[in-house]
Amino acid sequence: MKVWVFSCFIFAVSAKHEEFAGWKSYYVEPSDLGQLKSFNSLIQHIKVDVFAHPIVGRPGLILVDPSFQNELIGGLERLGIKYKIHAEDVKSQFDLEDDLFKNVYKKSPQSNFGGKLPYDSYQSYETINKYLDDIAKEYPEKAKVVTHTSFNGLPIKYLRVSTTNFEDPTKPIIYLDGGIHGREWLSIPPVTFAINRLLENGTDSSLLEKFDFILFPIVNTDGYQYSRDRSAAWRKTRSWYQDPWSIMCPGVDIDRNFDFHWNTTGAGSSKCSYVYPGVSAFSEAETRVVREILLENDRILMYISFSSWGSLIMYPWAVDGSLSSEVFRLHNVGVAMADTINALQMPEFFDYKVGNAALVRQLPMSGTSIDYAHHLGVPLTFTIELPGLFGGYFMNPIYMARICFETWEGVKAGIRKAEQLYM
């Protein structure tokens, strides 16, 4: 499949985000399934970066290269798809948000949830990793850090939390991860918030009587660091190989790199594609860490990968839209999570929708983590796309604490429903 996207190689420039000079961003809102399918087809031939996928009746956000803006507008108007400009100058908007978040970093107080991390600002990967180490030291009987290494040599860390040292074969495992895509900063705090509630704050420590947890805040440490420090829109890993194009356009989309119908649909053939699946399945160190977790732990009942943004709860099969033999339970658990979050969330946010990952977007995707985990036998696998307020490219951190609380309450509702269905 041919996917045009922005150039991934960042040349030496005088200012951050200079590669987006002249780019514009647009809201797009298909009104029915036909328009959604047509939109997905249109953008295969236009140099765009999809920041948030539209679904029927809900707008998406796309960034468009200057040389393709007229073609995009012509295509949208021909198809009758509603659109409007989000930002006339993408670079200026990124710069504005950079300044906003830097000011928040400086003012960030102690956690308002009785723990070591604040939930009013986005934290660096170093801060998150130190947090995991500190938790393991403070709760040595319950928490253990596992460390791997990224392509660029950064530590990739996750936490195993258990009152029985993962030795009780009757206890199912709940897996949560975030930060698969570098720019999806909001996907990280819900995972650390789970640690807070299970250990630090202790509000939900009773869950540890029945379940073990694997909590993986930042899967893509290289991409997250690059997004924060160099180019906010960076999505992929930062790997490169002995190939000129690989050096010019580094990185792989982790959520196209798993070995389930790898590189068959919904992936980019160009190394510069933001959904490039890699030279082979599991080419990435980060994907191999997730694979190791799945293969070493056959008691995983629920696998949740947080993403942003879209207010969606999606389940397999993402590759073709067919329904899993577990679809009844998948949908029921997804609805339990969505109903709980929808009842708690702020009215400014879209209600969560639940459905098959390919059908809800009318966009099949191969090599996804939820399909791979489900293929291995994990009964309940979900991508949860967190909410986004259409104004900037990143969720304003003033909403972070609220989103973490609502999301965790939703996850707990999903765990309770899974317990009813499987235990």
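The values are calculated or read from the model by the stated rules, or taken from the named source; none is laboratory data. Being a predicted model, the structure only gives us computed values, none of them experimental. Positions of Cβ are generated from backbone atoms using ideal geometry, with glycine treated the same way; all protein chains shown enter the neighbour counts. The area values use the complete protein model at the heavy-atom level, side chains included, leaving out ligands, DNA and RNA. Shrake-Rupley method; radii C 1.70, N 1.55, O 1.52, S 1.80 Å.
Report, by chain and number, residues whose modeled amide H sits under 5 Å from the one on SER239, excluding near sequence neighbours (fewer than 5 apart, same chain).
HN-HN under 5 Å from SER239: GLY251, VAL252.
From the phi of every residue in the stretch 298-305, what ³J(HN,Hα) in whole Hz does the Karplus formula 6.51 cos²θ - 1.76 cosθ + 1.60 yield, where θ is phi - 60° and glycine or proline is x?
Each residue of the stretch 298-305 in turn: 7, 9, 5, 8, 9, 10, 10, 10 Hz.
From largest accessible area down, sort LEU376, LEU295; use a 1.4 Å probe on the protein chains.
Ranked from most to least accessible, the order is LEU295, LEU376.
Largest first and in whole Å, give the semi-axes of the stretch 197-271's equivalent ellipsoid, each being the square root of 5 times a Cα gyration tensor eigenvalue.
Semi-axes from the Cα gyration tensor: 35, 18, 9 Å.
Sorted by accessible area (1.4 Å probe), largest first, how do ASP204, ASP298 line up? Please list the in-between numbers first.
Details: ASP204 15, ASP298 145 Å².
Ranked list, largest accessible area first: ASP298, ASP204.
Suppose only helical runs count, i.e. DSSP H with n ≥ 4. What mean residue ellipticity at 222 nm does that imply for the chain under -39500 (n - 2.57) per run, divided by all residues and rounded to the nearest 500 deg cm²/dmol? Don't skip to the end; give the middle numbers.
Details: 12 runs with 139 residues, N = 423.
Helix-only estimate at 222 nm: -10000 deg cm²/dmol.
At 1.4 Å probe radius, can you tell me the per residue accessible area of the chain in Å²?
37 Å²
At 1.306 mPa s and 10 °C, plugging the Kirkwood radius over alpha-carbon pairs of the chain into Stokes-Einstein gives what diffusion coefficient in µm²/s?
It diffuses with D of about 74 µm²/s by this estimate.
Placing unit charges on C-beta atoms (Lys and Arg positive, Asp and Glu negative, everything else neutral), compute the dipole magnitude of the stretch 35-160 about its Cα centre in debye, rounded to 20.
Approximately 500 debye in magnitude.
If the cut-off is a Cα-Cα distance under 13 Å, which aspartates and glutamates reach LYS130, setting aside same-chain residues fewer than 8 apart in sequence?
List returned: GLU138.
Ignoring the sites themselves, what is the longest stretch of the chain with no GluC sites (Glu not before Pro) in a DSSP loop and at most 14 other beta-carbon atoms within 10 Å?
After excluding every exposed loop site, the longest remaining stretch is 168-347.
What full-extension length gain, to one decimal in nm, is calculated for ASP133 and MET248 as 0.36 nm per residue of separation minus the Cα-Cα distance?
Values: separation 115, 0.36 × 115 = 41.40 nm, distance 3.53 nm.
That pair, ASP133 and MET248, stretches by 37.9 nm at full extension.
Which residue, ASN356, ASN297, ASN396, has the most motion in a Gaussian network model of the chain that connects Cα atoms within less than 10 Å?
Comparing ASN356, ASN297, ASN396 in the GNM, the peak value goes to ASN297.
What is the local net charge at ALA194, summed over the other residues whose Cβ is closer than 10 Å to its Cβ (Lys, Arg +1; Asp, Glu -1)?
Details: positive: ARG197, LYS412; negative: ASP204.
For residues surrounding ALA194, the net value is +1.
Give me the percent of the accessible area of the chain that comes from carbon and sulfur atoms, probe 1.4 Å, all protein chains in place.
Carbon and sulfur: 51 percent of the exposed surface of the chain.
Sorted by accessible area (1.4 Å probe), largest first, how do ARG256, ARG160 line up?
Ranked from most to least accessible, the order is ARG160, ARG256.
Can you list residues from other chains, or at least 5 along the same chain, whose modelled amide H is less than 5 Å from the amide H of TYR119?
HN-HN under 5 Å from TYR119: ASN112.
Taking only Cα atoms of the stretch 377-423, what ratio of Rg to Rh do you get with Rh as the Kirkwood inverse-distance radius?
Reported Rg/Rh, Kirkwood definition of Rh: 1.11.
Between the stretch 218-238 and the stretch 124-179, how many Å separate their Cα centres?
For the stretch 218-238 versus the stretch 124-179, the Cα centre distance is 21 Å.
Percent antiparallel among DSSP beta bridges with both residues in the chain, to the nearest 5?
Working: 28 of 50 bridges.
Bridges in the chain are about 55 percent antiparallel.
Long-range amide H contacts for PHE51: which residues qualify at under 5 Å (H placed 1.01 Å from N, peptide plane, sequence gap of 5 or more or a different chain)?
For PHE51, the qualifying residues are LEU61, ILE62, LEU63.
Volume per residue, Å³, of the convex hull around the alpha-carbon atoms of the stretch 151-247?
120 Å³
Let a ≥ b ≥ c be the square roots of the eigenvalues of the Cα gyration tensor of the stretch 310-423; is it rounded (a/c under 1.5), or, if not, prolate (a/b larger than b/c) or oblate?
In terms of gyration-tensor shape, oblate.
In the structure shown, do any of LYS37/LYS417; LYS16/LYS271; LYS91/LYS353 have a Cα-Cα gap over 24 Å, and if so which?
Long pairs (Cα-Cα over 24 Å): LYS37/LYS417; LYS91/LYS353.
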